[in-house]
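Each remark here refers to the structure printed beneath this line.
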Amino acid sequence: MAEKIKGKGVIAGIAVGNILLAGQNLDGYIAKYQPGTKAAEKKKAADALVAVAENLKKSIDSFNEQGLKEQAGILEAHRMMVEDPAMSGSIDEQIDTSGSAPKAVIDAYEATAQVFETMEDEYFRGRAVDMRDVGKRIAKYLLGIKDPEIVGKVIVAGKDIEPSVIAGLPTDKIAGVILGVGSTTAHAVIIAKTRAIPTVVGVGDGIAQIANGDPVILDGETGEILIRPSDEERASYDEKIKKQEELKAHYAELKDKPAITLDGKEVELVANIGSPADADAAVKNFGATGVGLFRSEFVFMGKTDVPKEEDQFKEYKAAVEHCASVTHGEGLCVIRTMDIGGDKPLPYIQVGVEENPFLGYRAIRISLQRRDLFMPQLKAILRAGVYGKAAIMFPMVINVQEFLAAKKFVEDAKMELVHEGKEFADNVQVGIMVETPAAAVMAPALAKYVDFFSIGTNDLVQYTLAVDRGNAQISYLYNHFNPAVLRLIKRTIESANKEGKWAGMCGEMASDPNAAIILMAMGIKELSMSAPSIPRVKERIRNITFTKAKEILDKVMEMEDGDKIKDYLATLA
Ligand code: PEP
Ligand code: MG
């Protein structure tokens, strides 16, 4: 019988492979290391910094060529940590104490990591793991340790996986990911999500039960992990894997088919993305007919300063072009202006310490006060619109005045582009996310001004129910079928349609096939989700009539208990 550990399944799918433990312990190597004179050690350390920075540069270039922006971004941040002059100073100081270059490197980066760990700001705390990762990388170079050859598919496991481990492995070699920590915003998870790699987080001390090379079966849905499974256990999963493969093949057949009901009602199924490469994969591999949410804050992450208009333009243009390549559907690329703050702080945009970051200085509230940040972004999007169909979407809007103020910025951005003689699209749609209860309540008024709504249920559910979207203890209350939430959604969609505008959804609810049918019955035009979810939703829509969906909706709207609504819809699937 296998040993079993359990965590939280965050990316569905069964993975089978041998464990590759991230986070090699270098203590033994360092103890055996024979140092030279202090001067010689300092020279060795300085040479290692140059060599490691060069190696990183090569990997960054290669990732960029493949369009793997997240990986390139992470390694770019690491390169800056290697080249930081303050670090070479503290390495020299450590050599004065210990006399050993590899030990000095580990100690210097460890000391900085510990400073990061004490910071209030979650983003900085999260960077401690990058610091240690960089220290190890340099020490390994000094010790002559090469990374192990990858044979077959591996399941990468670690307490807090160093981002470069995932970024440095060929994605087709990673069958699964296991994280000790529970973070869903870890870089490792962000990368795994866009590549649909089955992932389990939050296994805690369970990670200590896994050894390098252990055969493992991982279920990214239930969060179950079987270590060294018996032949019978393997066989029981073989059946599930076979089904998974069959389903994949079936989904691949659906790729180019429309999301249309048996009686001819069509819905656009589009993707949530964080980079142009995601858009490319969404269109090519999953049949997305466009992008309903480009989380532009990803363009701002992993950098030390605000990206310039020109750099942003390149990113948005590439995403717009990928969308324009669709053979079916609208090919629209909805780019959300940066949603910084809340759970997405940035080192170079000072938000300050807040009691309630989710209710604080974030998203459109920052953009409206920071013309220096907002204008280059709007100009970049307007210019990208020339290469296909782009739309601008504002996050966290709570009233008409905010929308009108933001729209005025768009007009100003156009004026500036005219003066600068730069080409831009004049017909870019401008809409808002409906993710605050205020926006949903005021939807009839807002609908008069916007070109579209996109409902952000991740936040709308948390704000409506006063339930933190990331708090595991109260996650049983976080239900997008709560009748209060359903009423706000229905009101939003109907308000848009009444004014001849369109409504979509880009919160996680859109990826729930049982939700999709009632949303469609409410009159939604577009559902946007992480691309691997598209086939499941499409399958559900293609197997029901619009008439039946409306009957189901009527019944659901009479019910008063969100849990019962969820169960009822599940029985129909
Ligand atoms: C949402 O709130 O539903 C949404 C899509 O935005 P984010 O998850 O980026 O807050
Ligand atoms: Mg949101």
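Within region 434-456, is there a residue that is under 21 Å from the mean Cα position of the chain (by Cα), of a type in the set (Gly, Ala, Ser) and either within 16 Å of ligand 2 (Cβ to nearest atom) or surrounded by fewer than 23 Cβ atoms within 10 Å (Cβ to Cβ) (or both)?
Yes, region 434-456 has at least one match.
Filter region 314-344 for residues that are more than 16 Å from ligand 1 (Cβ to nearest atom) and of a type in the set (Asp, Glu) and give the result.
Within region 314-344, GLU315, GLU321, GLU330 meet the criteria.
If a residue must be under 16 Å from SER454 (Cα atoms), in contact with an Asp or Glu (Cβ under 9 Å, 6 or more places away or on another chain) and of a type in the set (A, V, I, L, M), how many such residues does region 393-421 contain?
2
Residue-wise test of (1) of a type in the set (D, E, K, R); (2) at pLDDT 80 or above; (3) outside the structural domain of GLU117 (by TED's automatic domain parsing); (4) assigned to a helix (DSSP H, G or I).
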residue	(1), (2), (3), (4)
SER164	no, no, yes, yes
GLY176	no, yes, yes, no
SER183	no, no, yes, no
ALA208	no, yes, yes, yes
ASP238	yes, yes, yes, yes
ILE241	no, yes, yes, yes
GLN244	no, yes, yes, yes
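Could you please give the count of residues in region 249-290 that are away from ligand 2 (no atom under 16 Å from the Cβ) and part of a strand (DSSP E or B)?
6
What is the number of the single condition among (1) more than 26 Å from the chain's Cα centre (by Cα); (2) farther than 19 Å from PRO170 by Cα that ASN55 does not meet?
ASN55 satisfies all of (1) more than 26 Å from the chain's Cα centre (by Cα); (2) farther than 19 Å from PRO170 by Cα except (2).
I want to confirm something. Restricting to region 504-516 and keeping residues that are away from ligand 2 (no atom under 16 Å from the Cβ) and touching a residue at least 40 places away in the same chain (Cβ under 8 Å), which single residue is surrounded by the fewest Cβ atoms within 10 Å (Cβ to Cβ)?
Per the criteria, the residue is PRO513.
Output the number of residues of region 351-365 satisfying the condition of being in a helix (DSSP H, G or I) and at pLDDT below 95.
3
For the structure I just gave you, tell me whether GLU420 is within 16 Å of ligand 2 (Cβ to nearest atom), more than 22 Å from ASN272 (Cα to Cα) and of a type in the set (D, E, K, R).
Criteria not met by GLU420.
Does LEU486 satisfy being more than 16 Å from ligand 2 (Cβ to nearest atom), closer than 19 Å to ILE565 by Cα and in contact with a His (Cβ under 9 Å, 6 or more places away or on another chain)?
Here the answer is yes, as LEU486 does meet what is asked.
Of all residues in region 359-406, count the ones that are of a type in the set (Ser, Thr, Tyr) and surrounded by fewer than 22 Cβ atoms within 10 Å (Cβ to Cβ).
Counting residues in region 359-406 that are of a type in the set (Ser, Thr, Tyr) and surrounded by fewer than 22 Cβ atoms within 10 Å (Cβ to Cβ) gives 2.
Just to be sure before I move on: is GLY329 away from ligand 2 (no atom under 16 Å from the Cβ), at pLDDT below 95 and in contact with a Pro (Cβ under 8 Å, 6 or more places away or on another chain) in the structure I sent?
Here the answer is yes, as GLY329 does meet what is asked.
Taking ALA510, is it hydrophobic (A, V, I, L, M, F, W, C), under 27 Å from VAL283 (Cβ atoms) and within 16 Å of ligand 1 (Cβ to nearest atom)?
yes
Would you confirm whether any residue within region 542-563 is away from ligand 2 (no atom under 16 Å from the Cβ) and within 13 Å of LEU269 (Cα to Cα)?
Yes, there is a match, as at least one residue in region 542-563 is away from ligand 2 (no atom under 16 Å from the Cβ) and within 13 Å of LEU269 (Cα to Cα).
Of the conditions (1) in a helix (DSSP H, G or I); (2) closer than 26 Å to GLU423 by Cβ, ALA391 clears all except one; give me its number.
Failing condition for ALA391: (1).
Inside region 208-264, can you point out the residues that are crowded, with 17+ Cβ neighbours inside 10 Å, of a type in the set (Ser, Thr, Tyr) and over 21 Å from ILE517 (Cα atoms)?
TYR237
Examine region 28-49 for a residue that is farther than 30 Å from GLY220 by Cβ and of a type in the set (Val, Ile, Thr), and state whether such a residue exists.
Checked region 28-49: at least one residue is farther than 30 Å from GLY220 by Cβ and of a type in the set (Val, Ile, Thr).
May I ask you to say which residue of PHE116, PHE63 is touching a Leu at 6+ places or on another chain (Cβ under 8 Å) and of a type in the set (Phe, Trp, Tyr)?
The conditions single out PHE63.
The values are calculated or read from the model by the stated rules, or taken from the named source; none is laboratory data. Model, not experiment: these values are computed from the prediction. Here the Cβ is made from the backbone with ideal geometry for all residues, glycine too, and neighbour counts use every protein chain on show.
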